[in-house]
Amino acid sequence: MRVAVTGARGRLGRAVVDALADAPFTGPAGPIAWARDAFDLDAPDAVGLLLDAQKPEVVVHAAAWTDVDGCALDPELAIRRNGIATGILAAACAERQVDLLVISTNEVFDGTRRDGRGYGPADPVGPGNAYGASKAAAERLASEAFAARPGANLGIARTAWLFGSPGNDFPSRILDAADRAAGNGEPLRAVNDEWGTPTYTADLADAIVEILAEDATAGIHHLVNGSVATRADWARDVVARSRVDVEIVDVPASTWERPSRPPRWGVLEPTPLPAGEPMRPWPAAMADYAPALLRARKVRA
């Protein structure tokens, strides 16, 4: 199976390319890695030529503008990059009968739910910020493109709170903040009123590979590690693994002024994987990620 991955140099794209390289169904050539020089969210119109030249059977669309504050400051650009570019890719795939798996986000939901349940695939979307609106547009435009030309499979894989190499993720930023706080003799402030499902890119990539291997692309998938956490819960886990001696103080998200606000309840209800096994709890994934995280911290020090 010829599989192309957009955003191949991004956090998730790299993990998906690495996981596909070990998958027997991609053959000896392995996956097709499309970085920005091949598929650019700012210039997506040539994607048909790319599909014709390299002839993938399925595309995993991991490329996105994920700067939520940047999206809030320029929502029209967010729609062009995340929404319209995805629609153009989807139309080109549908025309050529190429399956497409669009990576989406928990932020297509506004996070106002108060019943303690995670958002499921059948729940209506209603984004509460510009980033979520741009990704909801991507889902809608892709669905319309495949409905207009039935035959190939469209999948939407929503995920949340991604962490993993190459750094600048939440655990990396928390460690940097913890070091600064400890150095200044101050507590580390961590948000205690945002809930989500931290998800390791390596685990998400393995789940995507399983879906492709079982020809189960079609439909909406919620792919997240198990267990729910606040940002403060996650910060405590990260700091404990690093052994930074710093007090952690819970604060509300309103402590910091930002152009955008993520959903307060950003929890996704996981959907079953083809093999029936759920993705592991996020603390177990953090245990695997911690050595690389701490090595990177030593390099930055």
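The values are calculated or read from the model by the stated rules, or taken from the named source; none is laboratory data. For clarity, every value in this text was computed on a predicted model and none was experimentally measured. Note: ideal-geometry Cβ built from the backbone for every residue, glycine included; neighbour counts use all protein chains shown. Keep in mind that these areas ignore ligands, DNA and RNA; they rest on the heavy atoms of the full protein, side chains included. Shrake-Rupley method; radii C 1.70, N 1.55, O 1.52, S 1.80 Å.
Using a probe of 1.4 angstrom and keeping all protein chains present, the accessible surface of the chain works out to 45 square angstrom per residue. Amide hydrogen proximity for Ile220: with H placed 1.01 Å from N in the peptide plane, the residues at 5 or more positions away or on another chain lying under 5 Å are Ile156. Expressed to the nearest 5 percent, the antiparallel share of DSSP beta bridges inside the chain is 10 percent. Taking a ≥ b ≥ c as the square roots of the eigenvalues of the alpha carbon gyration tensor, the chain is prolate, as a/c is not under 1.5 and a/b beats b/c.
By DSSP, what percent of the beta bridges with both residues in the stretch 150-301 are antiparallel, rounded to the nearest 5?
Here the share of antiparallel DSSP bridges comes out near 15 percent.
Once you sort the root eigenvalues of the Cα gyration tensor of the stretch 181-221 as a ≥ b ≥ c, which label holds: rounded (a/c under 1.5), prolate (a/b larger than b/c) or oblate (the other case)? Here the stretch 181-221 falls in the oblate category. When nucleic acids and ligands are ignored and a 1.4 Å probe is applied, Tyr131 ends up with an accessible area of around 20 Å².
Once you sort the root eigenvalues of the Cα gyration tensor of the stretch 68-201 as a ≥ b ≥ c, which label holds: rounded (a/c under 1.5), prolate (a/b larger than b/c) or oblate (the other case)? Taking the square roots of the gyration eigenvalues as a ≥ b ≥ c, the stretch 68-201 is prolate.
Report the Cα centroid-to-centroid distance between the stretch 249-293 and the stretch 1-73 in angstrom, as an integer. Cα centres, the stretch 249-293 to the stretch 1-73: 24 Å.
Ranked from largest, the principal axis spans of the Cα set of the stretch 129-213 equal 61, 31, 20 Å. The C-alpha atoms of the chain define a longest principal axis, and helix 282-300 lies at about 70 degrees to it.
Multiplying the residue separation of Asn168 and Arg261 by 0.36 nm and removing their Cα-Cα distance gives an extension gain of 31.6 nm.
When the helix-only estimate is applied to the chain (DSSP H runs of n ≥ 4, each -39,500 (n - 2.57), divided by the residue count), what is the mean residue ellipticity at 222 nm, nearest 500 deg cm²/dmol?
-12000 deg cm²/dmol
Backbone amide hydrogens, once placed in the peptide plane, bring Tyr119 within less than 5 Å of Val267, Leu268, Glu269, excluding anything fewer than 5 places away on its chain. A cut-off of 5 Å between modelled amide H atoms, ignoring neighbours fewer than 5 places along the same chain, links Leu188 with Glu247, Ile248, Val249. Can you give the local net charge around Gly219? Use residues other than it whose beta-carbon is closer than 13 angstrom to its beta-carbon, Lys and Arg +1, Asp and Glu -1. Net charge in that neighbourhood comes out at -3.
Report in % the part of the accessible area of the stretch 52-93 that belongs to carbon and sulfur, leaving out ligands and nucleic acids; probe 1.4 Å. C and S fraction of accessible area: 55 percent.
When the Gaussian network model of the chain links Cα atoms closer than 10 Å, the mean-square fluctuations of Thr230, Thr66, Thr255 top out at Thr255. When all alpha carbon pairs of the stretch 29-97 are counted in 5 Å bins from zero, the resulting P(r) reads 3, 16, 28, 23, 15, 8, 5, 1, 0 %.
Expressed as a whole percent, the accessible area of the stretch 214-284 that falls on carbon and sulfur atoms is 50 (1.4 Å probe). Note on the chain: GNM, Cα springs under 10 Å; of Val239, Val224, Val108, the largest mean-square fluctuation is that of Val239.
Counting only DSSP beta bridges whose two residues both lie in the stretch 1-97, roughly 10 percent are antiparallel.
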